[in-house]
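S.K.: I have a structure I would like to understand better, so I am pasting it below and will then ask my questions one at a time.
Bear in mind these aren't lab numbers, they're just calculated from the coordinates by the rules spelled out. Here the structure is a predicted model, which means the values were calculated and not measured. So basically every Cβ, Gly included, is an ideal-geometry build from the backbone, and we count neighbours across all protein chains shown.
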Amino acid sequence: MSEHWWRQKNQPRPTGMLSRLISPGDENDPPAALLRLPPVLAAGRPGHYLESLDQPAFTRDYRSEGYSMDTPEEHLGYTLLWPARSVDLRGLFLRFFAGVPGERRAGVGMDEDPDRTDDSAQRRPVKRDDLALRLFARLETPPEALLRASGPLEWPGSFFPYQQIGIGALVHSSHLLLGDEMGLGKTIQALAALRLLLHVREIEQALIVAPASLLQQWRQEILRWAPDLRVIVVNGPVDQRVWQWQYRAHVTLVSYDTLRADFTSSPSCGPRRTRWGVVVLDEAQRIKNASTDVARACKRLSRRRSWALTGTPLENSVEDVVSILEFVAGGSDPGPAPRTGLSLRASLSEYQLRRRKSGVLQDLPPKIVTDLTLELTPAQRRAYDRAENEGLSTLLNGAEILIENILALINQLKQICNFAPAGGASSKMEDLLSRMEELSANQQKALVFTQYTSDLSGARRIARELSRFNPLVYTGEMSLAKRAETVDRFRSEDGRRVLILSLKAGGQGLNLQNASYVFHFDRGWNPAVERQAEDRAHRLGQVSAVNVYRYIMAGTIEQRIDEILKSKIDLFEQMVEDASIDPERLLSKRDLLALFGLG
Amino acid sequence: MPIPFHDNEDIDELGAAAFLHVEAPSQNNAQRYGALLFLNARGEPLEFAYNRVELIGNALWRPADRAVAAVRRLAATLFQAVTLTPTLLLCRADTVPPYLFGPEGQIELQFPVGRVATAAEAVGYSPREAQVSLETADRDGELIQTHVFWTPEAPVDRAADLFTRISRRGLVLEPFERAGKGLREVYGDPLGTAP
């Protein structure tokens with residue numbers, strides 16, 4: 001109320017008549033009799049004062065202690081001072097962040113749920129007609145402004161409309177499986193939603209669990225998209241991890257393996273000592289097997305919100321999805337338990353938000369997939385036939401046909417399809433070399449995925465053969481730092497024309513849009529993993545059409561595997577995209593035997 | 001204790017920008033509604049003061065002077081009511097006359113006052129005001145040309161930093177809409193539904 005920063009100069013006034021100031025919040029204007037009283041007598045009447053610019057008699061303010069939520073009936077003052085941002089205003093933001101498709105709990109706020117507790121503060125009941133609270137909400141930065149690149153949060157880029165919908169769905173959902181197709185920016189959507197919730201104090205701390213190889217990428221994305229957040233990566237020796245878990249950061253990043261190691265039966269162990277506002281599982285298919293320790297640990301984390309991110313919620317069987325949904329539905333305010341069997345689709349539609357590139361990104365360049373069916377070289381054919389005959393003979397002459405033996409034979413045959421054991425002849429390599437010549441001449445970059453890493457038939461062998469294109473190799477045998485360095489070099493060094501990646505280590509999470517050619521040197525068992533690998537290049541930021549080449553050797557196990565892969569794609573399409581079936585687990589022993597015409 | 005954001009200290013250091021918003025329900029309406037909204041450099045509200053006045057009914061006053069007097073009274077009462085001290089003040093050039101604030105004006109402030117107008121608006125300004133043009137986001141997030149008429153002079157030092165920050169973050173025009181929404185929340189019908 002002091003005038004130290006403003007001063008009104010003497011003004012000529014018309015004699016006997018001044019403007020009449022009216023108290024806000026009153027149904028009626030101050031009584032005429034009151035207006036005639038000297039200002040000092042008018043003081044003490046809440047909300048009323050007399051007009052006197054030299055000596056106004058404000059009677060009610062909330063300035064000394066901020067606004068008290070406990071006295072909602074006293075909000076007739078003229079000025080509303082925001083409480084410290086630590087005071088819990090949760091619900092106000094959500095209530096006015098309305099109308100976002102995909103929201104599940106719109107309107108959940110302080111009115112509807114007065115007894116909910118926060119990880120930081122106790123919420124207080126309010127009345128909907130409370131003017132001050134309506135003002136608190138109304139005067140917050142509008143959500144649409146918060147999401148603009150030119151808005152108060154200064155995002156480093158713009159969000160696509162479908163991403164804004166995804167962010168809205170996450171903001172509103174305690175339980176969400178964000179199952180967008182790879183390359184649509186699930187990480188960014190989750191980060192943006194996290195940042196919004198942290199800024200409005202809806203949450204205090206978030207835990208992000210991701211594959212170890214992606215932790216640095218998450219950290220970099222946070223630095224870019226949410227530089228104001230405090231982040232800690234939990235890794236290293238046990239004694240370091242103890243204090244890392246205790247560090248109060250907005251976002252704690254941890255790998256699945258570290259989480260599994262640090263999640264003990266003690267309630268005071270690192271991951272359990274905090275009640276997380278949100279737990280985000282990136283590449284959530286990592287918990288597809290409900291019986292694993294890591295799946296159990298994730299589901300037992302104390303949390304208010306559970307988000308799972310994966311473009312491939314179903315990799316092999318419907319049980320994969322069930323386990324992920326069990327996590328998503330859990331938390332302090334659990335959702336309906338996921339159903340199984342024919343009802344699984346209903347559960348998916350309840351918890352999953354999934355968009356496909358074709359539906360939301362008309363501007364994304366196309367992905368053109370080409371199967372390259374080649375003949376084995378004579379040396380490869382001889383080696384292949386010999387290995388197959390010997391292997392089958394061994395299998396059939398054994399007391400029992402073991403799956404392990406079948407898989408070992410398949411692996412042997414697949415590696416021969418890559419390179420002949422003697423001499424190293426390779427139809428695939430001949431083809432790849434000729435294509436790389438052309439790509440290199442056109443300043444293009446390529447990714448080559450293989451299941452194997454060995455010197456004989458895997459990534460290192462391929463790198464040796466492609467040495468004139470300055471290849472880089474990325475495998476799970478490398479340290480995380482080395483892997484990150486490799487990706488940086490491939491992105492930044494023009495002369496690096498090809499990156500050879502093991503499918504397992506390099507197929508997830510990496511952003512490699514500077515390459516627009518992808519080669520599958522050999523085929524894995526899982527089409528979802530293959531698609532993920534292709535989408536390292538075919539994702540937001542890609543400006544060219546992405547050409548994917550899949551090598552298949554005619555008359556070999558690879559051709560038979562290809563048929564299985566196609567059937568698995570059908571399963572994914574039906575189950576995850578738009579339908580419900582109850583298929584049996586694929587690739588049973590019978591399936592494997594059928595590959596050799598047995599069983 | 002909440003976990004502090006990395007930029008908390010910067011934000012606190014810059015202080016608050018005050019937005020003086022004045023509305024008339026209709027041309028012949030005898031009332032003026034005013035709000036003073038304080039935002040930090042991130043656009044978070046810190047304080048909101050509001051009031052309304054009736055125009056002086058004396059026939060000796062010219063209509064334009066009555067309106068100006070009402071704005072002056074609104075501003076004075078709002079300044080009186082608030083607890084925070086702003087780093088700078090912004091108001092719309094179409095509702096606040098050029099000679100209300102500043103050394104020569106009726107109310108003297110100890111920090112820069114900027115009257116804001118989009119390039120499409122026709123507003124008067126005083127030669128004593130320093131005009132600055134910039135691009136800032138409108139309600140739809142589109143960048144538009146905007147003029148700010150500063151008195152006594154364009155901001156320097158901390159006030160300049162604050163203004164740079166809020167203009168970069170689309171907070172030059174948008175807060176007036178927010179203040180208008182706040183007034184509607186308080187007074188309801190007389191102001192209609194849209195700012």
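S.K.: Mind listing the phi-derived Karplus ³J(HN,Hα) values for segment B:145-158, rounded to whole Hz, using 6.51, -1.76 and 1.60 with θ = phi - 60°, and x for any glycine or proline?
M.R.: These are the phi-based 3J(HN,Hα) values: 6, 9, 10, 10, 9, 9, 9, x, 7, 4, x, 10, 6, 4 Hz.
S.K.: A follow-up question, please. How long is the gain from residue A:480 to residue A:422 if the chain were fully straight, where each residue apart is worth 0.36 nm and the alpha carbon distance is subtracted? Let's see the in-between values first.
M.R.: On the way: separation 58, 0.36 × 58 = 20.88 nm, distance 3.42 nm.
My answer for the length gained is 17.5 nm.
S.K.: Still on this structure, please answer the following. In what order do B:53, B:68 fall by count of nearby beta-carbon atoms within 10 Å, going from fewest to most? Show your work: numbers first, answer last.
M.R.: On the way: B:53 25, B:68 17.
By the 10 Å Cβ count, ascending: B:68, B:53.
S.K.: Once amide H atoms are placed 1.01 Å from N in the peptide plane, what residues at a sequence separation of 5 or more from residue A:548, or on another chain, have their amide H within under 5 Å of its amide H?
M.R.: Close amide H contacts, sequence-distant or interchain: A:368, A:369, A:370, A:518.
S.K.: While we're here: Apply the Karplus parameterisation 6.51 cos²θ - 1.76 cosθ + 1.60, with θ equal to phi minus 60°, to every residue of segment A:449-458 and state each ³J(HN,Hα) to the nearest whole Hz, in sequence, with x for glycine and proline.
M.R.: The phi angles translate into 9, 9, 6, 10, 10, 6, 6, 7, 9, x Hz.
S.K.: For chain B, modelled as a Gaussian network with Cα springs under 10 Å, which listed residue fluctuates most, B:113, B:71, B:123?
M.R.: Fluctuation is largest for B:123.
S.K.: As a footprinting exposure proxy, order A:280, A:448 by other Cβ within 10 Å, with the fewest listed first.
M.R.: On the way: A:280 29, A:448 25.
The order, fewest Cβ neighbours first, is A:448, A:280.
S.K.: Rounded to whole Hz and in sequence order, give me ³J(HN,Hα) for segment B:105-113 from the Karplus expression 6.51 cos²θ - 1.76 cosθ + 1.60, θ = phi - 60°, writing x for Gly and Pro.
M.R.: x, 7, 10, 9, 10, 9, 7, x, 10
S.K.: Here's a follow-up. Nearest 0.05, what FRET efficiency do residue B:125 and residue A:224 give at R0 = 51 Å with Cβ-Cβ as r? Intermediate values should be presented prior to the final figure.
M.R.: Working: r = 41 Å, r/R0 = 0.81.
The calculated FRET efficiency here is 0.80.
S.K.: Same structure, new question: What angle, in degrees between 0 and 90 and rounded to the nearest 10, separates the Cα long axis of helix B:174-187 from the longest principal axis of the Cα atoms of chain B?
M.R.: 50
S.K.: Here's something else I'd like to know. Can you check what the net charge comes to around residue B:165, using other residues whose Cβ is under 12 Å from the Cβ of residue B:165 (Lys, Arg +1; Asp, Glu -1)? Display every interim value, and only then the final one.
M.R.: Working: positive: B:42, B:158, B:168, B:169; negative: A:154, B:7, B:10, B:13, B:161.
Taking every other residue near residue B:165 into account, the sum is -1.
S.K.: Please sort by residue number the trypsin sites (Lys or Arg not before Pro) in segment B:36-135 whose DSSP state is loop and whose Cβ has at most 16 other Cβ atoms within 10 Å. Write out the running numbers ahead of the final one.
M.R.: Numbers: sites: B:42, B:52, B:66, B:72, B:73, B:92, B:115, B:128; in loops: B:42, B:128.
Those that pass, being in a loop and sparsely packed, are B:128.
S.K.: Rounded to whole Å, give me the distance from the Cα center of segment A:455-472 to that of segment B:118-163.
M.R.: Cα centroid of segment A:455-472 versus Cα centroid of segment B:118-163: 60 Å apart.
S.K.: Could you list which residues have their amide H under 5 Å from that of residue B:47, counting only those 5 or more apart in sequence or on another chain, with H placed in the peptide plane?
M.R.: A:82, B:38
S.K.: For residue B:29, list long-range residues whose amide hydrogen, built 1.01 Å from N in the peptide plane, is under 5 Å from its own amide hydrogen.
M.R.: Those lying under 5 Å, H to H, from residue B:29: there are none.
S.K.: Now, a different point. For residue A:154 and residue A:560, what is the calculated FRET efficiency with R₀ set at 51 Å and r taken between the beta-carbons, to the nearest 0.05?
M.R.: Details: r = 54 Å, r/R0 = 1.06.
For R0 = 51 Å, the calculated efficiency reads 0.40.
S.K.: Order by neighbour count: A:303, A:219, fewest other Cβ atoms within 10 Å first, most last. Don't skip to the end; give the middle numbers.
M.R.: Details: A:303 27, A:219 17.
Exposure proxy ranking, most exposed first: A:219, A:303.
S.K.: Compute the length gained on full extension between residue A:408 and residue A:339: take 0.36 nm times their separation in residues and subtract their Cα-Cα distance, giving the result in nm to one decimal. Write down the numbers at each step before the final one.
M.R.: Working: separation 69, 0.36 × 69 = 24.84 nm, distance 3.68 nm.
This chain segment gains 21.2 nm when fully extended.
S.K.: What three numbers, in Å, describe the spread of the alpha carbons of segment B:16-187 along their principal axes, ordered from the longest?
M.R.: 45, 37, 32
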